[in-house]
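Following: one structure in structure tokens, then a few remarks.
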Amino acid sequence: MKVVKNYLYNASYQILNLLIPLITVPYISRVLGAHDVGINEYTNSWVTFFYLMGQMGITLYGNREVAYHRDDLYERSRTFWGVEALQLLTVSASLIAYLVAVFLFSTTFKYYFLLQGIWIIATGLDVSWYFMGLENFKVTVVRNTFVRLISIVLIFTIVKDVNDLGKYIAILGGTQLVGNLTLWPYLKDNLVWVKISEWHPFKHFYPALLLFIPTITTQVYLVLNRLMLGRMSTQVSLGNFGQADKIVKFVLAIVTATGTVMLPHVANKFAKGDIKGVRDSLYSSFNFVSAISVPMMFGLMAISERFAPWFLGADFELAGRIMFLESPIIVLIAWSNVTGTQYLMPVNRVKEYTTSVTVGAVSNIIFNLFLIEGWGANGAAVATVLSEFLVSAAQIAMIRGTIKRRQLFREQWKYFLSGFLMYLVVNRVCMVINMTIANLCLEVGIGIVVYLLGLLVTKASIVGEAQKLIKNKTNHE
């Protein structure tokens, strides 16, 4: 039950992080327009590379190390102080490098690049990895909710016209910084002071660096498409791609929340030598994410063409096709999240994980070079899907000696069949009725009913597992 609660907390947190831009996206799209949205996407893509350089895999590394030493207060505290000291040093170096790059090479967007630098400062003060290692997700959700809601109020009250792009960028970075700062008071009851001479921050450098490569390469799918679109296409295309991608990633966050929850859980089992428990967690998690990611993929594909211009505005008609083409990454990333983040990472098979995401990163560059030139933003979406397919395939091949692939995919046909039938019904409904909030809710409701009926007819195991969970909860109450 603890894992389920943590999943719900983390799912809520991840959804909240994406829900704010999702709530503000229709407003910002209309106020700033596709061109200025594209400028924000472009400048933010560059700063993302720099704060990832500063973070250097510390989020995953710190999460895992805290989980390893969870039951030893002194070792856990020493781990925190050492890892956080290293993070402050590396982020400070990254900030200096970023500022030098902005002043030396930036010309047209220098002001916006400087405002984006707030994100690097926020990264240095991020200690969410510590609470995730403790499997204490409640504190990160509750404390940040208030801060995130303030950002919505600020956006709607301050960003009024096309001249307010700078204010919008400052609000996004500033709320991230404040949100990270609000976690620090909670450390008082979870740590003991350790003498600075005992921190040894640089002993964490090499193992964190090993995790840096997969961390930076996985961000290629978030950043590289934008950078290449900004260079090879127009800011309008980039704006359409960025907003479509936000909607796809919002749906994806519901699924990938399991990764952050399961990493410390599996790492703790591995540290205790419970190999069977680790393997069972892999099967259960893969089945669960498939059951929820497949209908989300088909559901988004069914409504994308009508939804995008209605939700984002007339400037973003291209976003509908981009959403349709990019939707398969919901399933592919869900799978690689289980095999990579939930299995390879916590059992310290970092080399294999790194190899798989490097394959994806390199292939993403190659696919983009050929597809963006001919298809623009649509090509970037297809390149993302192809790259994610290679990552998932590589990771599944790497763990073939550990798991039974037949057992892993035993239920998949039931989810895909039910999801495809749902797509046919929802897409038809979407084509014959106007897009309104009420009709959108109707389409979602119809999709849920059709998908659940499909699971019942095919006797999918997830139905029985859900019934057991509800029964256990009822008995506990």
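The values are calculated or read from the model by the stated rules, or taken from the named source; none is laboratory data. Because the structure is a prediction, the values reported are computed rather than measured. Every residue, glycine among them, receives a Cβ derived from its backbone with ideal geometry; neighbour counts consider all protein chains shown.
Can you say whether LEU209 is in contact (Cβ under 8 Å) with a residue 40 or more places away in the chain, surrounded by fewer than 20 Cβ atoms within 10 Å (Cβ to Cβ), on the phi < 0 side of the Ramachandran plot and not assigned by TED's automatic domain parsing to the domain that holds VAL47, as far as the supplied structure shows? No.
In a helix (DSSP H, G or I), closer than 21 Å to LYS203 by Cα, among the charged types (D, E, K, R) and free of Cβ contacts under 8 Å to residues at least 24 places away in the same chain, is that true of GLU65? Considered against the rule, which asks whether it is in a helix (DSSP H, G or I), closer than 21 Å to LYS203 by Cα, among the charged types (D, E, K, R) and free of Cβ contacts under 8 Å to residues at least 24 places away in the same chain, GLU65 comes out as no. For the range 119-150, a residue qualifies if it is free of Cβ contacts under 8 Å to residues at least 60 places away in the same chain and not in a helix (DSSP H, G or I), and the qualifying residues are LEU125, ASN136. Taking the listed residues TYR221, TYR283, the one that is modelled with pLDDT of 70 or more and either out of contact with any Lys or Arg (no Cβ under 9 Å at 6 or more places or on another chain) or assigned by TED's automatic domain parsing to the domain that holds ASP315 (or both) is TYR283, with no other qualifying. Condition check: touching a Ser or Thr at 6+ places or on another chain (Cβ under 7 Å), without any contact (Cβ under 8 Å) to a residue 40 or more places away in the chain and crowded, with 16+ Cβ neighbours inside 10 Å. Does LEU417 satisfy that? It is false that LEU417 is touching a Ser or Thr at 6+ places or on another chain (Cβ under 7 Å), without any contact (Cβ under 8 Å) to a residue 40 or more places away in the chain and crowded, with 16+ Cβ neighbours inside 10 Å.
Applying the set (1) surrounded by fewer than 17 Cβ atoms within 10 Å (Cβ to Cβ); (2) within 24 Å of MET296 (Cα to Cα); (3) among the basic types (Lys, Arg) to ARG400 leaves exactly one unmet item: (2).
For the range 158-185, residues that are under 23 Å from ASP36 (Cβ atoms), more than 21 Å from the chain's Cα centre (by Cα) and outside any loop (DSSP other than H, G, I, E, B) total 9. Just one residue in the set VAL463, VAL432, VAL450, VAL457 is modelled with pLDDT of 90 or more, in the same structural domain as PRO295 (by TED's automatic domain parsing), surrounded by 14 or more Cβ atoms within 10 Å (Cβ to Cβ) and not hydroxyl-bearing (Ser, Thr, Tyr); that residue is VAL450. Considering each residue of the range 336-355 in turn, at least one proves to be within 29 Å of PRO207 (Cβ to Cβ), within 16 Å of the chain's Cα centre (by Cα), at pLDDT 85 or above and outside the structural domain of VAL31 (by TED's automatic domain parsing).
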